[in-house]
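The values are calculated or read from the model by the stated rules, or taken from the named source; none is laboratory data. Just so it is clear, the structure is predicted and the values come from calculations on it, not from any experiment. Positions of Cβ are generated from backbone atoms using ideal geometry, with glycine treated the same way; all protein chains shown enter the neighbour counts.
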Amino acid sequence: MIHFLTSNPVARAIGKSNRILRDLAVHFFNTGDKRGLAMKITMGLLVIGLGAIFYNTLENYQDSGKLLKEKGTPEDLSAMPSIMPVFWQGVAVFFSLVAFLVSLWVNEENPAQRRKNLVLLSLWIAAFAGLIAWLPTDIVATKQAISGKALAGETPSIGAYLGGLVLITLLVLSIPASAMVYYRLSLMDRYTIHSFLSPFTFCMFSMIAIWVIADITDNGDLFAGAAITKVLWFYVVQIPYVILFVMPIVVLLAGLFSLSNMSKSNELISMIGAGRSVVRILMPLFVIGAYASLISLAFKYEWAPSAVGYKEAIIETAKKEAWMKEHGERVREDVWARRGWMHVNEVDKRTWFVGKIPLRLSDDMADVVVWQLDRNGDPKKIWKAARARWESEADPPVWRLFGTTLYDYDDNHIPRISSRARLIIDTWSETPWKVLSSSQNPEYLGLPGLTMYLKANADMDAVSLAPFRTNWWYIFAEPLTCLTMILVAAPLGIVYSRRGVMGGVTGAIVIFALMYVMRGTVLALGHRNSMDPFWAAWSTNIVIGGIGLVLLWFRGQNREIPKLRAVLAGLFRKKPQPESPKPAEIAA
């Protein structure tokens, strides 16, 4: 048997192939090279992620085409989804695969310069793949808004939409650009960054895990029996909001931990002895804080508020489904942002009731009832539709009602009832935006939505617009909290004794708690129009950032930070009163 295995050509070829594959695996996936292995894993996950997105987009496109051909009318066939997202996402998968193949050559055997070039090349190709997958698809989805005509009939803010595109583009390109800057840094700066990134990564994943566990504990009963893919998608959508929520505390804890460790090991003293000032030593951390603020701004711009609205809609839908199952009713798989909304068009004498409001106003409404009244306020016509869709691309735009029951009243107020599977109406002046915009929650709107709402309702009173104006400014103010936390963590993390470590941590926790209390208070005042929206959004960052700058000035001057007890004692200490003159002094 052994002789057969060693002499048979096929067996020798299989054995040689196994040895070659084993050598390639050792060469390309060397577990001793942790950074290279992390690079390969990241690029592999990118290929898998973009591939899954491409497959899902392709499947949806094919399903939409089949459904329109089977059940659609000639008018529906003109609304066939664009093939461009499928094409560009396929191109993105190809480039991501190229980036993965380039990353396979990153190993310890390469010279330093060649390894650096391979890393940068792989990152730039991966960033290009991400932009190709996202940018054309988003442009197709918002092309009407960018051209000045939105899907829901509102007047869009072209600057807000273009600002979002530019912001995400800068964020994606900043990844390889940051790698280029990193390779040009000095050894001290790299060491400071490494000291910060290790606790930052640990804290970020820990905080996200704690949030997910807590959320599952609160809402786990609502997802009992649900498909695992539905639950996973629910939490994937929440990632922008969760990162935005935990980023400030993660930045604060990572800064405190890294700087206190460097202080205890006398590394900061050594850096100062090498001729660097405290501010220059901390400069890489300030840049990281600014970069974390950029990431938070990209999430806060639109994704995080939408994720909050999506979460609330999913939870409300899950509660509704649980109630329907408990009472033996048929459950429908649908998600709605809100249920039950009334709109009155006093000019045209029409009243709308929308039973189910979609997450996006351009999507179909459900359970719609429209009353057309005469001059005396009596019903003239009533439309009851299972679904209503506003087709903005038609010329002129029209309403298409599905599953409609029409009540047509005569002069004696007796209705003539008829049913229509489909009904097209081109005489209504309402748009989804006019009907549903006042139902919007400012907490669920990003910058484009808030900008459009404020422009469309500029004639409303200041009290009604105060929450939207405050949240508009807060879109920019909240991300800057990350940089503010670095300004606080940097001076409090630099200590020269074990007792100082506990004092710095305690001070940071107190300031962080103060920030949350103050932010909640001033935002509430801004929403009530008791405080100017700009100051309601920015005052917390200004106060906490000012405290951080004062503390940093003490450290920069190599002075001890005053203890809170001493500061309070100085503020409330009584001034000494001048002594009254003695009688002998008066006589003299």
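Taking (1) touching a helix residue (DSSP H, G or I) at 6+ places or on another chain (Cβ under 8 Å); (2) more than 27 Å from Trp303 (Cα to Cα) in turn, Asn266 satisfies each apart from (1).
All of (1) without any contact (Cβ under 8 Å) to a residue 24 or more places away in the chain; (2) surrounded by fewer than 19 Cβ atoms within 10 Å (Cβ to Cβ) hold for Ser539 with one exception: (2). Trp428 passes all but one of (1) in contact (Cβ under 8 Å) with a residue 40 or more places away in the chain; (2) part of a strand (DSSP E or B); (3) among the aromatic types (Phe, Trp, Tyr); (4) farther than 30 Å from Leu167 by Cβ; which number fails? Every condition holds for Trp428 apart from (2). Looking at Ala133, Ala129, Ala92, Ala99, which is the one that is in contact with a Phe, Trp or Tyr (Cβ under 6 Å, 6 or more places away or on another chain) and surrounded by 17 or more Cβ atoms within 10 Å (Cβ to Cβ)? Being in contact with a Phe, Trp or Tyr (Cβ under 6 Å, 6 or more places away or on another chain) and surrounded by 17 or more Cβ atoms within 10 Å (Cβ to Cβ) holds for just one of Ala133, Ala129, Ala92, Ala99, which is Ala129. One residue stands out among those in the range 510-536 that are among the β-branched types (Val, Ile, Thr) and exposed (fewer than 15 other Cβ atoms within 10 Å of the Cβ): the one that is farthest from the chain's Cα centre (by Cα), which is Val510.
Give the range 270-283 a look and list any residue that's surrounded by fewer than 21 Cβ atoms within 10 Å (Cβ to Cβ) and touching a residue at least 12 places away in the same chain (Cβ under 8 Å), or say none.
The answer is Met271, Ala274, Arg276, Ser277, Val278, Val279, Met283.
Residues in the range 155-191 that are β-branched (Val, Ile, Thr) and part of a helix (DSSP H, G or I) were compared, and the one that is farthest from Phe128 (Cα to Cα) is Ile158.
Within the group Ala304, Ala292, Ala298, which residue is touching a Cys at 6+ places or on another chain (Cβ under 6 Å) and buried (at least 20 other Cβ atoms within 10 Å of the Cβ)?
Exactly one residue qualifies, and that residue is Ala292.
Pairs are defined by a Cβ separation below 6 Å, a sequence spacing of at least 6 or placement on different chains, a first member in the range 29-43 that is more than 9 Å from Val106 (Cβ to Cβ) and of a type in the set (A, V, I, L, M, F, W, C), and a second member that is crowded, with 16+ Cβ neighbours inside 10 Å and modelled with pLDDT of 85 or more; the pairs so defined are Met43/Ala99; Met43/Phe100; Met43/Ser103.
Each row is one residue, and each column tells you yes or no for (1) buried (at least 16 other Cβ atoms within 10 Å of the Cβ); (2) on the phi > 0 side of the Ramachandran plot; (3) at pLDDT 80 or above.
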{"residue": "Val308", "(1), (2), (3)": "yes, no, yes"}
{"residue": "Thr317", "(1), (2), (3)": "yes, no, no"}
{"residue": "Glu329", "(1), (2), (3)": "no, no, no"}
{"residue": "Arg338", "(1), (2), (3)": "yes, no, no"}
{"residue": "Met342", "(1), (2), (3)": "no, no, yes"}
{"residue": "Asp348", "(1), (2), (3)": "no, no, yes"}
{"residue": "Val370", "(1), (2), (3)": "yes, no, yes"}
{"residue": "Asp395", "(1), (2), (3)": "no, no, no"}
{"residue": "Phe402", "(1), (2), (3)": "yes, no, yes"}
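Residues in the range 446-467 that are assigned to a helix (DSSP H, G or I), more than 9 Å from Pro533 (Cα to Cα) and either under 20 Å from the mean Cα position of the chain (by Cα) or of a type in the set (A, V, I, L, M, F, W, C) (or both): Leu447, Pro448, Gly449, Leu450, Thr451, Met452, Leu454, Ala456, Ala462, Val463, Leu465.
Candidates in the range 356-415 are the residues that are part of a loop (DSSP other than H, G, I, E, B) and small (Gly, Ala, Ser); of these, the one that is farthest from the chain's Cα centre (by Cα) is Gly377.
Suppose we keep only residues that are surrounded by fewer than 12 Cβ atoms within 10 Å (Cβ to Cβ) and out of contact with any Leu (no Cβ under 8 Å at 6 or more places or on another chain) within the range 21-37. Which one would you say is modelled with the highest pLDDT?
Arg35
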